[in-house]
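Heads up, the thing below is written out as structure tokens.
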Amino acid sequence: MKKLVLRLFMVMCMMTISSTIVNAQHTKPGVQKTERQRMTREQLAETQARHICNKLALDDETSAKFTTEYCNYMKELWAIGPRAGKRQQGEMTDAQAEAKTKQDFERSQKILDLRTKYYKRYSTFLTQRQIQRVYEIEKQMRNRLANKRHARARMPRK
């Protein structure tokens, strides 16, 4: 009787261990368990818009309008392009520094024009205080994403 109980116990232990191993190895095809799926830019913009809507406690109709406008705003902002790469000041000639400064001014002006355009659009369905809060929340999100990116860059690679 003791041998039978001992064998049953051993079989149950083996089954538990083997099922744990099988479950630990279950991942989506083509994706390693350590990888995280990155959002597309469009998904990120929509997530940010929903976050802002939740923070402002907007109703469904206003949320839908805001999400559409915010996603369009982000697409136009991405179309402007990233800032020019950073160079050491000592490596630039005066002509290069002047060209870079003018390029930065042009980009800043495009962004300002875009923000003014969408400010007018937001004004049709949001109050001025809500618009101000949108810009505050957007800045907080931008800073948080930048901090995550900088923290990830400082982490040692395996």
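Side notes on the structure shown:
- Maximal additional length on extending the Leu44-Asp113 stretch stands at 22.6 nm, based on 0.36 nm per residue less the C-alpha distance.
- Debye log10 I(q)/I(0) at q = 0.13, 0.15, 0.21 Å⁻¹ for the range 50-137, Cα point scatterers: -0.56, -0.66, -0.98
- Distance between the modelled labels on Ala95 and Lys148, one decimal in nanometres: 4.4 nm (7 Å Cα→Cβ projection).
- Lysine-lysine proximity count for the range 98-154, Cα under 28 Å, sequence distance 8 or more or distinct chains: 14
No lab work stands behind these numbers, since they all come straight from the coordinates. Just so it is clear, the model here is predicted, and its values are computed rather than measured. Every residue, glycine as well, gets a Cβ built from its backbone with ideal geometry; the counts of neighbours run over all protein chains shown.
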